[in-house]
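Take a look at the structure set out below.
The values are calculated or read from the model by the stated rules, or taken from the named source; none is laboratory data. On a predicted model such as this, the values are computed, not experimentally measured, just so you know. Note: ideal-geometry Cβ built from the backbone for every residue, glycine included; neighbour counts use all protein chains shown.
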Amino acid sequence: MRPDEIEGLIREGLPGTTVRVSDETGGGDHFQAVVVSPAFAGKGLVERHQLVYASLQGAMAGRIHALSLRTYTPEEWTAQQ
Amino acid sequence: MPRDIMNEIRNEIAANKVLVYMKGTPTFPMCGFSAAIVEVLQEMGYPFKHVNILEDQEKREAIKAFSNWPTIPQVYVNGKFVGGCDIVRELHASGALDQLLKEAFAGADTTAAS
């Protein structure tokens, strides 16, 4: 799987989201993602990750072995820059 | 009697203050993410139990459905799903994990081995 495919699925599943995915090992199955989305407002880390996993439509159970996630609301992202 | 795996999971989560579903064991973790969680928990010095899902294919799939979480390792504290490796690391860095464990073990004897 390519990083841009994962980015596309996340953007599709969570409208208004900015996402950057990188392939950690170059092997197409271990990825790192930074996801900035207004959908995360008021949600805990578990719920945020579940939202991202849901947008990947089952890829987590197959083509993606590992996806390391950092999640921010737009406000949190601005504050930590 | 057929195996009621969801009930098994519910019971073991309820019976242990800290439970880690992982690949391998704390001594021989079979995955870097499982190893990272063991390292954090051992560093914090609280006892925990583990379930090696590599020895139980049925549970390996069931735990993902149970928590609506597609990956392993998974950590449960005081009967509640805390998260996987990223979240445990993040909560550890912020001090929130320490707080959570402190509350879980409040009044309990933490010198007992896991």
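Things to note:
- Scope region A:35-50; condition in contact (Cβ under 8 Å) with a residue 24 or more places away in the chain and within 11 Å of chain B (Cβ to nearest Cβ); matching residues: A:L45
- Condition check for A:G44: over 20 Å from B:W69 (Cα atoms) and among the small types (G, A, S): no
- So A:Q81, is it within 14 Å of another protein chain (Cβ to nearest Cβ) and either touching a residue at least 12 places away in the same chain (Cβ under 8 Å) or out of contact with any helix residue (DSSP H, G or I) (no Cβ under 8 Å at 6 or more places or on another chain) (or both): no
- Region B:6-34 - residue that is within 14 Å of chain A (Cβ to nearest Cβ) and not hydrophobic (A, V, I, L, M, F, W, C) and, of those, surrounded by the most Cβ atoms within 10 Å (Cβ to Cβ): B:S34
- Condition check for A:L51: within 16 Å of B:I87 (Cα to Cα), part of a helix (DSSP H, G or I) and hydrophobic (A, V, I, L, M, F, W, C): yes
- Out of B:K80, B:K64, B:K49, sole residue that is crowded, with 18+ Cβ neighbours inside 10 Å and either touching a residue at least 40 places away in the same chain (Cβ under 8 Å) or within 14 Å of chain A (Cβ to nearest Cβ) (or both): B:K64
- Within the set A:L9, A:L69, the sole residue that is modelled with pLDDT of 95 or more, within 14 Å of another protein chain (Cβ to nearest Cβ), more than 26 Å from B:V77 (Cβ to Cβ) and not in a loop (DSSP other than H, G, I, E, B) turns out to be A:L9.
- Elements of type strands (runs of 3 or more DSSP E) contained in chain B, each with 1 or more residues being in contact with a His (Cβ under 6 Å, 6 or more places away or on another chain), within 21 Å of A:I64 (Cα to Cα) and not acidic (D, E): B:18-22
Results for (1) out of contact with any helix residue (DSSP H, G or I) (no Cβ under 8 Å at 6 or more places or on another chain); (2) closer than 18 Å to B:E90 by Cβ, shown as yes or no for each residue.
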| site | (1), (2) |
| --- | --- |
| A:R2 | yes, no |
| A:I6 | no, no |
| A:L9 | no, no |
| A:Q32 | yes, yes |
| A:V35 | no, yes |
| A:L45 | no, yes |
| A:Y53 | no, yes |
| A:A59 | no, no |
| A:I64 | no, no |
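- Restricting region A:23-48 to residues that are in a strand (DSSP E or B) and within 19 Å of B:I87 (Cα to Cα) leaves a set whose member that is farthest from the chain's Cα centre (by Cα) is A:H30.
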